[in-house]
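Student: So that we are looking at the same thing, I have put the structure below in structure tokens.
None of the figures in this text is laboratory data; all of them are computed from the coordinates on show. Just so it is clear, the structure is predicted and the values come from calculations on it, not from any experiment. Quick reminder, even Gly has a Cβ in these numbers, built from the backbone with ideal geometry, and neighbours come from all protein chains shown.
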Amino acid sequence: MALATELKKHFGFDTFKGNQEEVIKNLLAGNDTFVLMPTGGGKSLCYQLPALMMQGTAIIISPLIALMKNQVDAMRNFSEDDNVAHFLNSSLTKAVIDQVKSDITAGHTKLLYVAPESLTKQDTIEFLKTVPISFYAVDEAHCISEWGHDFRPDYRRIRPIINEISRRPIIALTATATPKVQHDIQKNLGMLEARIFKSSFNRSNLFYEIRAKSQNTDRDIIRFIKQQDDKSGIVYCLSRKKVEELTELLQLNEINALPYHAGLDPNTRAANQDAFIMEKVSVIVATIAFGMGIDKPDVRFVIHYDIPKSLEGYYQETGRAGRDGGEGHCITFYSSKDLAKMEKFMQNKPLVEQEIGRQLLIETAAYAESSVCRRKMLLHYFGEEYNIDNCGNCDNCLNPKKQVEAKDELCAT
Ligand code: ADP
Ligand code: MG
Ligand code: ZN
């Protein structure tokens, strides 16, 4: 059967998105495959379709319990068989785990989602040794790298465990495309020879803007949001305290806003997130804990009250705007003073992490201070060349200005 027919049969889609078809062919041919595709590009299908087509069970390694559950539910919706997909993670009881294992052994399960912490457990390994495996997918593969924005030490143990279970093709997928992270992933997963499928990371509908941070920043933000006519937006702050303060200030100014950070109790957090997704509230003020795996298509603006920790983080967070292809206004407030503050934040971390954190911060500061097209700089950071002189959709292209040098303050310490 042609691949397009399989796509239609299993998912109801008429055509592949981007290079999905080439990726899938490469994996079906038994080759290690590396997929670099921006968020929303359609990475899941690159392993879901082959999993349904191949003999055995595909092992999908995925970091977030919430994402896992969503994906399993989605797969069950597409299929008539509830056993087509299962997950194993720390949220399950022993009885459920036993049920999952017996379903897999019965041979109906095409996709098994596992959290890295579950994969590294000896009894999971022993069990998987008894299962015919089609391939391994490592989703959110940037978690392998300390240079990524979401490092998970357990991700580094994946490859030795695969060797122990049984060597099958590996497909690694990520929306993080910095050359450093890419190299880390390939090296750690032992797939330096893998074929790489890289899509463009350009988000042409996003307007990138850096504003100087000052005493007027709060007023700036209020004015900007008031002009947005209740459109959805996210304001990112570095600290929980700032999230609380700013939410209150926005509310005082009759802006419909709610806070989101890891210090809130889980119920409030979930309720606030739902209120945003269901459009009962237009603005969410959040730490970067907010947004992972949230697919709200019509976020119209993302404001960074504080400079992000890395350009990678900046790209991911601003990337939550304009998912539907419509406009997305991304404003970051920057002052060189904030750099020192952020360095302080890192001081109780291990030295290696501090050094990495500092390097990432310097790159972000350089971006903020530059007079070069933001899009060009951002894409360059992802190893992508952008050859258009004026992107027409960033502050530096619309209002060319002279360069300032302030990041030296950071290097002086
Ligand atoms: P990513 O993991 O790259 O962020 P997802 O796998 O979550 O992206 O896919 C994003 C969206 O694109 C999903 O809603 C998915 O159903 C949709 N999608 C994926 N492939 C196709 C396709 N070939 N045709 C239409 N929609 C697709
Ligand atoms: Mg994904
Ligand atoms: Zn530009």
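Student: Assign unit charges at the C-beta atoms only (+1 for Lys and Arg, -1 for Asp and Glu), then state the dipole size of the chain relative to its Cα centre in Debye, rounded to the nearest 20.
Tutor: So the dipole magnitude of the chain works out to roughly 360 debye.
Student: Next question, about the same structure. How many angstrom lie between the Cα centre of region 98-166 and the Cα centre of region 1-31?
Tutor: When both Cα centres are located, 24 Å separates them.
Student: Something else now. Expressed as a whole number of Å, what is the distance separating the alpha-carbon centroids of region 180-213 and region 221-241?
Tutor: Measuring centre to centre over Cα atoms gives 27 Å.
Student: Using the 10 angstrom Cβ neighbour count as an exposure proxy, how do Val96, Val138 rank, fewest first?
Tutor: Val96, Val138
Student: Among Gln186, Ala137, His149, pick out the residue whose Cα is farthest towards the positive end of the charge dipole of region 109-242, where Lys and Arg carry +1 and Asp and Glu carry -1 on C-beta, about the Cα centre.
Tutor: Farthest along the dipole direction, towards plus: His149.
Student: Mind sorting Thr287, Thr33 by how few other Cβ atoms lie within 10 Å of their own Cβ, fewest first? Present the calculation step by step, with values, prior to reporting the outcome.
Tutor: Working: Thr287 19, Thr33 28.
In increasing order of surrounding Cβ atoms, one gets Thr287, Thr33.
Student: Given +1 on the Cβ of Lys and Arg, -1 on the Cβ of Asp and Glu, and no further charges, what dipole in debye does region 91-222 carry about its Cα centre, rounded to the nearest 20? Intermediate values should be presented prior to the final figure.
Tutor: On the way: 19 positive and 16 negative charges, 69 e Å.
The dipole magnitude comes to about 340 debye.
Student: Neighbouring Cβ atoms within 10 Å as the yardstick, rank Thr15, Thr318 fewest first.
Tutor: Ranked by crowding around the Cβ, least crowded first: Thr15, Thr318.
Student: Hey, in the GNM for the chain with a 10 angstrom Cα cutoff, which one of Leu361, Leu249, Leu351 fluctuates hardest?
Tutor: Maximum among the listed residues: Leu351.
Student: Name the lysines eligible as straight-distance cross-link partners of Lys198: C-alpha to C-alpha under 25 Å, and not fewer than 8 places from it in the same chain.
Tutor: Lys8, Lys17, Lys25, Lys43, Lys180, Lys187, Lys296, Lys309, Lys376
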